[in-house]
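Take a look at the structure below.
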Amino acid sequence: MRRLQDKVALVTGANRGIGKAFVEALVKAGAARIYAAARNVTSVTSLVADDPGLIVAVALDITDPGLVQDAAKRCGDVNLVVNNAGANQWGQLIGAETLDGARTEMETNYFGTLVMCRAFAPVLAANGGGAIINVLSLSSLVNFPSVGSYCASKAAAHSMTLGVRAELSRQGTQVVGVFPGPVDTDMSAPDT
């Protein structure tokens, strides 16, 4: 935790669940600034209210490359990026009526996370290297039929994390994947 003291972090999907827990842990660890990013910036209002000098709200939809680039410019002091934003549409691979849910999951869990890595790699390099944490899932390693397309999107994100790690090692950026098992969050409920 001392390694996080006086660091500047950006957490996507900071409005609830694991993302909110990351923000709270960074506060306890002594981070200098925490950018709490969410699609709906008002959803992080209560987090910002807890410590407005420390926590800064950022409107960010990681599936929009323009917004991601804007965030990278605005948050140019970042040492740590926590790619936590995700989507789970609760779709099977064959049993789903359409591919819409699978496309949403790939756009968020794979492409959105990759866009974040690409946009913030130069920022991290300019700030001495830093680190990227990609929140994956045990579902990255095993496919569960009830959420088959989610698992496939997280498996793609896992493979991408390995590639990004190799590419960014030269600039001194540590890239890690985090593989939580089932977590009781809003996203784990099929009707959200």
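The values are calculated or read from the model by the stated rules, or taken from the named source; none is laboratory data. Just so we're clear, the structure is a prediction, and the values are computed from it rather than from any experiment. Don't worry about glycine lacking a Cβ; one is built from the backbone with ideal geometry, like all the others, and counts go over all protein chains shown. Side chains included, ligands, DNA and RNA excluded: accessible areas come from the protein's heavy atoms. Shrake-Rupley method; radii C 1.70, N 1.55, O 1.52, S 1.80 Å.
Observations
- Test result for R170, assigned to a helix (DSSP H, G or I), open to solvent by 20 Å² or more (accessible area, probe 1.4 Å) and touching a strand residue (DSSP E or B) at 6+ places or on another chain (Cβ under 9 Å): no
- In segment 77-88, the residues that are open to solvent by 10 Å² or more (accessible area, probe 1.4 Å) form Cβ pairs under 8 Å with partners that are among the polar types (S, T, N, Q) and in a loop (DSSP other than H, G, I, E, B), at six or more places apart or across chains, as follows: D77/N127; N79/N127.
Residues checked against (1) part of a helix (DSSP H, G or I); (2) under 13 Å from F120 (Cα atoms):
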position	(1), (2)
I34	no, no
V44	yes, no
A49	yes, no
V58	no, no
L67	yes, yes
A72	yes, yes
V81	no, yes
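- Which listed residue is among the hydroxyl-bearing types (S, T, Y), surrounded by 13 or more Cβ atoms within 10 Å (Cβ to Cβ) and modelled with pLDDT under 95, from S137, S146: S137
- Residue check, G101 buried (at least 24 other Cβ atoms within 10 Å of the Cβ), at pLDDT 95 or above and of a type in the set (G, A, S): no
- Residue within segment 4-24 that is over 21 Å from L138 (Cα atoms), in contact with a strand residue (DSSP E or B) (Cβ under 6 Å, 6 or more places away or on another chain), without any contact (Cβ under 8 Å) to a residue 40 or more places away in the chain and not aromatic (F, W, Y) present: yes
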